[in-house]
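A.B. asks: The following block contains the structure, expressed as structure tokens.
The values are calculated or read from the model by the stated rules, or taken from the named source; none is laboratory data. Predicted model, so just to flag it, every value in this text is computed and none were measured. A quick note on method: Cβ atoms are made from the backbone with ideal geometry, for glycine too, and the neighbour counts reach across all protein chains shown.
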Amino acid sequence: MNIAVAQSGGPTCAINASLAGVFNAGKKSGKINKIFGVLNGIEGIINDQMVDLSEKIDSDVSYQLLLRTPSAVLGSCRKKLPSYTESTEIYEKITAVLRWRDIGIFFYIGGNDSMDTVAKYSEYLRAYNIDDIKIIGIPKTIDNDLCETDHSPGFGSAAKYVAATVQEITRDSNVYSIPSVTIIETMGRHAGWLAAASCCIRANGESAPHLVYLPEAVFSIEGFLRDVKEQMKKHRAVIVVVSEGVKTAEGKFAAEEYQSGQKDVFGHSYLAGIGKFLEKLVGAEIGCKVRSIELNVMQRCSSHIASLEDIQSAEAIGMAAVNAGLEGKSGCMMTFVRESNMPYSYRIDTVDAAKAANTEKFFPREWINEEGNNVLPPAYDYLMPLIQGELHAIMKNGMPLNFVI
């Protein structure tokens, strides 16, 4: 029997570590002949585009390099499958390719929408009594909004990058004598986990960020201006962190006039602009020095400051997925179950992939203050274990060396 693994959705610092984990456990099992890497997600299965990973990961050096390489080395896609009740054609094609390659277990690394693919193909397999193929989802997303798991691989490193960058911006802003406001925009369409992670710098004695706005709390323009003016009485340089997806009481994105209005194939809006919107607002209403900084895609793949905990747990859950598949499990997503904050510990389990598909895990409202403009200490207990440790890059010519398929 052979196995195959694909990557889907947005890239992260840790998605290749999960790929490495699948490869590692597959090699050690003694039950698997070939381990195929599928190019560009589910599209690579449909088009039969695969590589034999043993030919690419041929030494401990290449394995260690894979662990440290950001983004998705196999490529990705954002393809939404129809329900098999609408059409079975694409499912028949997937099944035919897997059988032709003698692939008994297919691992799909991805987020909410990728679990939709896992759930749909699993439903098809059950409906047509196909038992020679298994499919298992492995979680991944920097947004940390996957339900049914304590955290998602990729989030810890993104959170560490956000926190460290906010700290550096704070240091930069504090050197000047004139009053200023700096607004830092993070990703987070509906869930504010990344913006909330900026609070981790308080563990090092920083008072910043002074204001944090998340989609889980109602955003008010008037309240924002009032908050900034109040913080300017206390701090010469006010640091504000805001999720891209903050909404008003009417349920509209606060920076709607700056949005493109375009959506992806899963119906998600492309968001950006809240930082620039608030910058112009502060400039017009307060008149102080103000700048906005959009962290943008740097949050996803900044491997130079990756969390060792994140990389190690991503590798571990990839290995656990192989064991689950060999035990006969299918249609499930691997999950982390936290057992303790101090000391930090977790176990790996499985859950029906349909429970994680097309759903979102929100930052707890009880971890946000009543005013909706900052996060509370319970958030630190959750966040801090996820950003611990460093995985030093393998360098060449003064730059990190990356693994290439």
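A.B. asks: Being touching a residue at least 60 places away in the same chain (Cβ under 8 Å) and farther than 21 Å from Thr12 by Cα narrows it down to one residue among Arg68, Arg101; which is it? Give the steps one after another, and end with the answer.
C.D. replies: Values: Arg68 fails: farther than 21 Å from Thr12 by Cα.
Selected residue: Arg101, the only one of Arg68, Arg101 that is touching a residue at least 60 places away in the same chain (Cβ under 8 Å) and farther than 21 Å from Thr12 by Cα.
A.B. asks: With respect to Met342, determine if the residue is among the aliphatic types (A, V, I, L, M), surrounded by 14 or more Cβ atoms within 10 Å (Cβ to Cβ) and not assigned by TED's automatic domain parsing to the domain that holds Ala203.
C.D. replies: Details: among the aliphatic types (A, V, I, L, M): yes; surrounded by 14 or more Cβ atoms within 10 Å (Cβ to Cβ): no; not assigned by TED's automatic domain parsing to the domain that holds Ala203: yes.
In short, no.
A.B. asks: Turning to a different aspect of this structure: Which of (1) at pLDDT below 95; (2) assigned to a loop (DSSP other than H, G, I, E, B); (3) more than 22 Å from the chain's Cα centre (by Cα) does Gly287 not meet, given it meets every other one?
C.D. replies: The one condition Gly287 does not meet is (1).
A.B. asks: Is there a residue being among the small types (Gly, Ala, Ser) and under 22 Å from Asp172 (Cα atoms) anywhere in the stretch 219-234? Lay out the reasoning, then the answer.
C.D. replies: First, the residues of the stretch 219-234 that are among the small types (Gly, Ala, Ser): 220, 223.
Filter once more, so that each one left must be under 22 Å from Asp172 (Cα atoms): none.
Taking every residue of the stretch 219-234 in turn, none turns out to be among the small types (Gly, Ala, Ser) and under 22 Å from Asp172 (Cα atoms).
A.B. asks: Something else: Provide a single number: the residues in the stretch 183-213 that are crowded, with 24+ Cβ neighbours inside 10 Å and within 16 Å of Cys288 (Cβ to Cβ).
C.D. replies: So the count comes out to 1.
A.B. asks: Also: In the list Thr149, Thr165, Thr170, which residue meets the criterion of being among the polar types (S, T, N, Q), outside the structural domain of Glu92 (by TED's automatic domain parsing) and closer than 20 Å to Ile109 by Cα? Walk me through it before giving the result.
C.D. replies: Working: Thr165 fails: closer than 20 Å to Ile109 by Cα; Thr170 fails: closer than 20 Å to Ile109 by Cα.
Answer to the selection: Thr149.
A.B. asks: For the stretch 159-182, which positions are more than 26 Å from Ser307 (Cβ to Cβ) and either among the aliphatic types (A, V, I, L, M) or buried (at least 20 other Cβ atoms within 10 Å of the Cβ) (or both)?
C.D. replies: Residues satisfying the conditions are Val175, Ile178, Val181.
A.B. asks: Give me a count of the residues in the stretch 6-62 that are over 24 Å from the mean Cα position of the chain (by Cα), part of a loop (DSSP other than H, G, I, E, B), within 26 Å of Ser152 (Cα to Cα) and of a type in the set (Ser, Thr, Tyr).
C.D. replies: Adding up the residues that qualify gives 0.
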